[in-house]
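The values are calculated or read from the model by the stated rules, or taken from the named source; none is laboratory data. Note that the structure is predicted; figures quoted are calculated from it, not measured. Quick reminder, even Gly has a Cβ in these numbers, built from the backbone with ideal geometry, and neighbours come from all protein chains shown. Areas reflect the complete protein model, heavy atoms only, side chains present, ligands, DNA and RNA absent. Shrake-Rupley method; radii C 1.70, N 1.55, O 1.52, S 1.80 Å.
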Amino acid sequence: MSNTYKAINLVARPTGPITNDLFEVVQKEIPTAGEGQFLVKQSHMSLDPAMIGWMSPDTESYIPPVELGSVMRSSGIGEVVESNHSDFKVGDRVTGMMGWQEYFLTDGEGINKVDAPLPAETILSVFALPGLTATQGLFNVGKPKAGETIIVTGAAGSVGSLVGQLAKAEGLNVIGVAGSDEKVDWLVNELGFDAAINYKSDNLEQQLAEAAPNGIDLFFENTGGPIQNLIFERMNAHGRIIVCGMIADYVSAEPSPGPNWIPIIKKRLSIQGFTMPDHFDKVPELLGKLTPYVMQGKIKHRSHILKGLESSVAGLNMFLTGENKGKLIVEL
Ligand SMILES: NC(=O)c1ccc[n+]([C@@H]2O[C@H](COP(=O)([O-])OP(=O)(O)OC[C@H]3O[C@@H](n4cnc5c(N)ncnc54)[C@H](OP(=O)(O)O)[C@@H]3O)[C@@H](O)[C@H]2O)c1
């Protein structure tokens, strides 16, 4: 067995698409676990759009930027292969922020054991960030009621597809917005959304009017982009807008100005942003809410698997082009 492993460091900050020259692949010696430490062999890394934000120099975000020259930040799942830690033994499966690397040495801080005998893809696609985000945003921020109409952007993505299915299971009328006919078809015919709209097609205003003849009560915003204004115009009185992501603006030089505020007063709208790191203390509660829906077979997911550490760079770009079909995961 080779005694070295690969890691990828961030060495420059993006100003547009994510390119290979922003990163450096390095070969390192596999460390040995010291007192109170254990060594994890990572098997699957999660790719998330938020990582594009972590690469930016912005120090006013909810989490500090990744320092240049250090391993790119990401979460993942792996197996303990060596341990001098009383709570973690060899063979345990663990998740946590392990970064773009094949091995990870830790004292256990921020690392959680995975007891459920589920495939790594299911854990990362449903029970990790996507499921926690969908559950927190929909239930604790959006406070949905049966019979209401919800629209979800980025609906065929990891978070959006779970939001729509949870809302459907709660008895809401669910409309998805996605960027291809294939995704729109999957939402309606596989996931059971009531309607879905391809935001790259024409007559969006008319399509929205047909999908939501009685207006929109909840708007789960994952993307931004021009359709945001049209959805905003169809909000009902006392509507709630849950601002989860704005991927259309993550690498744009000029972020969109967004809708005018007067309707917020006239329609008494609530608009609330949230980020999951504020809510990690609620993970058991959120999983307690999400798991029964999964057990009842109400939640489908699809994972998009890339192979090998170096595929991560192209993977991040797939979020921007919409090439990812489901949760992006890098299998190591
Ligand atoms: N607040 C939080 O704590 C939190 C946690 C997790 C995720 N998020 C956010 O939630 C959103 C979804 O994340 P995810 O992990 O589920 O990713 P995802 O939806 O699986 O992937 C991103 C998708 O965004 C769409 N997209 C890209 N550029 C777009 C544009 N200009 N206009 C409209 N859509 C565009 C693409 O789908 P199409 O083919 O449909 O265009 C792409 O597949 C992201 O904005 C992410 O940052 C927030």
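Taken together, the criteria exclude residue 162 from residues that are within 15 Å of the ligand (Cβ to nearest atom) and open to solvent by 20 Å² or more (accessible area, probe 1.4 Å).
The set of residues from segment 96-154 being among the charged types (D, E, K, R) and in a loop (DSSP other than H, G, I, E, B) comprises 102, 107, 109, 115, 143, 145, 148.
Evaluate the following for residue 181: is it more than 11 Å from the ligand (Cβ to nearest atom) and of a type in the set (D, E, K, R)?
It is false that residue 181 is more than 11 Å from the ligand (Cβ to nearest atom) and of a type in the set (D, E, K, R).
Of everything in segment 171-183, what is outside any strand (DSSP E or B) and either surrounded by fewer than 18 Cβ atoms within 10 Å (Cβ to Cβ) or touching a Lys or Arg at 6+ places or on another chain (Cβ under 6 Å) (or both)? Give them in sequence order. Hits for segment 171-183 are 171, 179, 180, 181, 182. Of the set (1) open to solvent by less than 30 Å² (accessible area, probe 1.4 Å); (2) touching a residue at least 60 places away in the same chain (Cβ under 8 Å), all apply to residue 303 but (1). Can you pull out every residue in segment 207-234 that is assigned to a strand (DSSP E or B) and away from the ligand (no atom under 16 Å from the Cβ)? Within segment 207-234, 216, 217 qualify. Among the residues of segment 12-55, the one identified as in contact with a strand residue (DSSP E or B) (Cβ under 7 Å, 6 or more places away or on another chain), more than 26 Å from residue 109 (Cβ to Cβ) and of a type in the set (Val, Ile, Thr) is 25.
Please verify whether residue 120 is under 30 Å from residue 91 (Cα atoms), at pLDDT 95 or above and away from the ligand (no atom under 15 Å from the Cβ), treating the condition exactly as stated.
yes
Selection within segment 252-278: residues that are β-branched (Val, Ile, Thr) and open to solvent by less than 50 Å² (accessible area, probe 1.4 Å). The member of this set that is farthest from residue 322 (Cα to Cα) is 264.
Residue-by-condition table, conditions (1) in contact (Cβ under 8 Å) with a residue 40 or more places away in the chain; (2) under 22 Å from the mean Cα position of the chain (by Cα); (3) within 17 Å of residue 45 (Cα to Cα):
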{"site": "56", "(1), (2), (3)": "yes, yes, no"}
{"site": "68", "(1), (2), (3)": "yes, no, no"}
{"site": "82", "(1), (2), (3)": "yes, no, no"}
{"site": "95", "(1), (2), (3)": "no, yes, yes"}
{"site": "104", "(1), (2), (3)": "yes, no, yes"}
{"site": "116", "(1), (2), (3)": "no, yes, no"}
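The condition of being in a strand (DSSP E or B), touching a residue at least 24 places away in the same chain (Cβ under 8 Å) and open to solvent by 40 Å² or more (accessible area, probe 1.4 Å) holds for only one of 237, 248, that being 237. Taken over segment 209-224, residues that are open to solvent by 10 Å² or more (accessible area, probe 1.4 Å) and under 21 Å from residue 162 (Cα atoms) amount to 4.
For residue 6, indicate whether it is open to solvent by 70 Å² or more (accessible area, probe 1.4 Å), among the basic types (Lys, Arg) and over 26 Å from residue 275 (Cα atoms). Judged against the criteria, residue 6 is not a match. Would you mind stating whether residue 189 is modelled with pLDDT of 95 or more, more than 29 Å from residue 332 (Cβ to Cβ), touching a Ser or Thr at 6+ places or on another chain (Cβ under 7 Å) and open to solvent by 30 Å² or more (accessible area, probe 1.4 Å)? Answer is no for this residue.
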